[in-house]
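These notes are about the structure you will find just below.
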Amino acid sequence: MPKPRREYPYPRFDHDSYDTPDAATDALFYMVTPTGGIWEPCAGTGRMLDRIRHWGCKAYGTDLVPRRADIGQCDFSRHEEKNDRDFPHIITNPPYARGLCADIVATAIEHARLNHGLAALLLPAAWMAAGERARFAPSMTNLIHISPRIRWLEGTDLDKGNDPLQDHAWHLWDCRPAHQRLTRPFYHVNTKRIIAPTPEEELA
């Protein structure tokens, strides 16, 4: 008899609006150092956007439903103006809703391809296993697996007693020049061992 499916341990928020913990963003920047501007198209409250800037990068953010005054409104899944050499890179944690997430991934890849940039999306580690998503696999260049598992609501009452059920990984489609790319297809980052830049180093 198959085991009963475990319920998702956190409440489901509208638009999958979960702020990305800093450690998850740090896992990407521990491995890559994009040159040029970064567009965060699912910015929400701006937590990942702020963390990207913390690593010394120029970045701007948009969202379908922005939740901060300095974040623009844009439906990235339908965005067509993809030529933007000032902001060639897409780095984001998209909503995982079926269909919408795949549209965002496709738009991010095309943006990176046209602008010789990097598309890096934080997704469940097994996201590519679903049949309709296999079309993205041939062009994916790298996977950065994160441990320990992400606690989306850490520090809140909603997190207490709930163990995260999913592994997550940064999925990379790297269209930058070859000398700027990672050399291996798979990496693992333990976020407990990352030393992020201090505010003094950020301003140096």
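Taken together, the values in this text are just the output of simple stated rules run on the coordinates, not laboratory data. These numbers were taken from a predicted model, which means no experiment stands behind them. Reconstructed Cβ throughout: ideal geometry from the backbone, glycine too, with neighbour counts over all protein chains shown.
So which residues in the range 33-77 are touching a strand residue (DSSP E or B) at 6+ places or on another chain (Cβ under 7 Å) and of a type in the set (Val, Ile, Thr)?
38, 52, 62, 71
Each row is one residue, and each column tells you yes or no for (1) crowded, with 16+ Cβ neighbours inside 10 Å; (2) assigned to a loop (DSSP other than H, G, I, E, B).
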residue: 90; (1), (2): yes, no
residue: 98; (1), (2): no, yes
residue: 108; (1), (2): yes, no
residue: 119; (1), (2): yes, no
residue: 139; (1), (2): no, yes
residue: 163; (1), (2): no, yes
residue: 176; (1), (2): yes, yes
residue: 188; (1), (2): no, no
residue: 195; (1), (2): no, yes
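So residue 80 fits all but one of (1) free of Cβ contacts under 8 Å to residues at least 60 places away in the same chain; (2) in contact with a strand residue (DSSP E or B) (Cβ under 8 Å, 6 or more places away or on another chain); (3) not small (Gly, Ala, Ser); what number is the exception?
With (1) free of Cβ contacts under 8 Å to residues at least 60 places away in the same chain; (2) in contact with a strand residue (DSSP E or B) (Cβ under 8 Å, 6 or more places away or on another chain); (3) not small (Gly, Ala, Ser) applied to residue 80, the lone miss is (2).
On the given criteria, is residue 92 within 18 Å of residue 173 (Cα to Cα) and touching an Asp or Glu at 6+ places or on another chain (Cβ under 7 Å)?
Considered against the rule, which asks whether it is within 18 Å of residue 173 (Cα to Cα) and touching an Asp or Glu at 6+ places or on another chain (Cβ under 7 Å), residue 92 comes out as yes.
May I ask you to list pairs of residues, at least six apart or on different chains, whose Cβ atoms are under 8 Å apart, with the first in the range 182-194 being within 18 Å of residue 151 (Cα to Cα) and the second being hydroxyl-bearing (Ser, Thr, Tyr)?
Correct list of pairs: 188/147; 189/30; 189/147; 190/147; 191/147; 194/30.
Would you confirm, using the coordinates I've provided, whether residue 112 is surrounded by 15 or more Cβ atoms within 10 Å (Cβ to Cβ), small (Gly, Ala, Ser) and touching a His at 6+ places or on another chain (Cβ under 6 Å)?
Criteria not met by residue 112.
Go through (1) buried (at least 17 other Cβ atoms within 10 Å of the Cβ); (2) in a helix (DSSP H, G or I); (3) of a type outside the set (Lys, Arg) one by one and return the number of the condition residue 134 breaks.
It fails just one condition, (1).
May I ask you to say which residue of 123, 100 is among the aliphatic types (A, V, I, L, M), without any contact (Cβ under 8 Å) to a residue 60 or more places away in the chain and touching a strand residue (DSSP E or B) at 6+ places or on another chain (Cβ under 7 Å)?
123 is the lone residue from the list that is among the aliphatic types (A, V, I, L, M), without any contact (Cβ under 8 Å) to a residue 60 or more places away in the chain and touching a strand residue (DSSP E or B) at 6+ places or on another chain (Cβ under 7 Å).
Of everything in the range 60-95, what is of a type in the set (Lys, Arg) and more than 25 Å from residue 26 (Cβ to Cβ)? Give them in sequence order.
Scanning the range 60-95 gives 78, 82, 85.
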